[in-house]
Amino acid sequence: MKFKKINGLIAATFTPFCENGSLDERKIPILARSLSANRMAGVFIAGTTGEGAAMTHDEKITLFEAWAPFSSPEFKVMAMLGGTNQKEAVSLAKKAHELGLYGIALTAPYYMRPNSVKQLVDYYEPIAAAAPGQAFYFYHIPLLSKVELPMVDFLEEAGRRIPNFAGIKYTHNDLMEFNKCLRYQAGKYDILWGWDETMLAGLSMGAKGAVGSTYNYAGPLYQNLIEAFQKQDMEAARHWQEKSIDLISLFAHYGGAACGKAIMKLCGLDCGQFRYPVQQLDKNDYMKLEKDLDQQGFFQWSSHAKQGQ
């Protein structure tokens, strides 16, 4: 089965929660319109940024249903199914198929970890088969999953056994392996870059598509970076990459992943707090973060107008 490769930016979206911590699917149309207006090629839902690991099966179903009306060839909705529960993933894959979502993705099981590529594909094969019309992507993120299997070998095994296998969301820093995956069988598979703060390195190795969390609120930054790279203006490309690095460097000071949702709120799109055990931000944190962002000039090139302006 042949899927057209993704060209452009896929936003790894936040899952919006109400003040009481329940899912707030009413925010999905607002997020979809914002991302579409900022030239995103689609969304990656219920992933790391989307807190899929902290959501229930029923919540994921509701999230899939809320995003389904926005899925189209021009705006691809890709759903992360999970990583540790095969039966649940099969159920979610069937729902993604029923709803007509563009694609599905899974990370490696990160508790009882597979120790071979064959074992990993054994786990994925029945899940992918439950959504035969959807592009199936492996979400390679060894920093969190601690599964560091050779990805060229994975392309060979998955490509042989999974008819709807489309490629890899590559969130790793091994540029040599990334490039080898891009060139495997004359570029047969879609290898999406997954590190926002090193996008320029990914582009230089041949990336055409990318998935990232900071695209939710800093889309123009990355569009500018890509355009500068395509024009071979490396000074400008480095300028925008350095803006990205400085922005992401703030995360360590403001709760890591929780910082992203805080930035969304400061941009006027309140998606609530991250679920525990992620650090919760208080009013003082928001005030300090807003000041730091202002000093970086963030609100001049963010995806959304600053609330109140």
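Since every read-out is calculated from the coordinates, none of them should be taken as a lab result. Predicted model only: the values in this text are computed from it and were never measured. Positions of Cβ are generated from backbone atoms using ideal geometry, with glycine treated the same way; all protein chains shown enter the neighbour counts.
Of all residues in the range 3-53, those satisfying the criterion of being in a loop (DSSP other than H, G, I, E, B), closer than 21 Å to Phe165 by Cβ, of a type in the set (Gly, Ala, Ser) and in contact (Cβ under 8 Å) with a residue 40 or more places away in the chain are Ala41, Gly47. If you go through the range 241-264 and pick out every residue that is out of contact with any Cys (no Cβ under 7 Å at 6 or more places or on another chain) and either surrounded by fewer than 18 Cβ atoms within 10 Å (Cβ to Cβ) or hydrophobic (A, V, I, L, M, F, W, C) (or both), you end up with 14. The residue of the range 148-192 that is surrounded by the most Cβ atoms within 10 Å (Cβ to Cβ), among those that are in contact with a strand residue (DSSP E or B) (Cβ under 8 Å, 6 or more places away or on another chain) and small (Gly, Ala, Ser), is Ala166. Regarding Val77, is this residue hydrophobic (A, V, I, L, M, F, W, C), within 15 Å of the chain's Cα centre (by Cα) and crowded, with 17+ Cβ neighbours inside 10 Å? Yes; evaluated as a whole, the condition is true for this residue.
Going by the structure shown, is Leu120 crowded, with 18+ Cβ neighbours inside 10 Å, over 15 Å from the mean Cα position of the chain (by Cα) and closer than 17 Å to Ala158 by Cβ? Criteria met by Leu120. Looking only at the range 213-245, which residues are of a type in the set (Gly, Ala, Ser) and touching a strand residue (DSSP E or B) at 6+ places or on another chain (Cβ under 6 Å)? Passing the criteria: only Ser213.
Yes/no matrix, rows are residues, columns are (1) touching a residue at least 24 places away in the same chain (Cβ under 8 Å); (2) outside any loop (DSSP other than H, G, I, E, B); (3) more than 29 Å from Leu175 (Cβ to Cβ):
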| site | (1), (2), (3) |
| --- | --- |
| Leu203 | yes, yes, no |
| Ala210 | yes, yes, no |
| Tyr222 | yes, yes, no |
| Glu242 | no, yes, no |
| Asp246 | yes, yes, no |
| Gln273 | yes, no, yes |
| Asp292 | yes, yes, yes |
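Sub-6 Å Cβ pairs linking a first residue in the range 122-137 that is without any contact (Cβ under 8 Å) to a residue 24 or more places away in the chain to a second residue that is surrounded by fewer than 18 Cβ atoms within 10 Å (Cβ to Cβ), at least 6 apart or interchain, number zero. Take the conditions (1) more than 21 Å from Pro114 (Cβ to Cβ); (2) in a loop (DSSP other than H, G, I, E, B); Val147 misses just one of them, which is (1).
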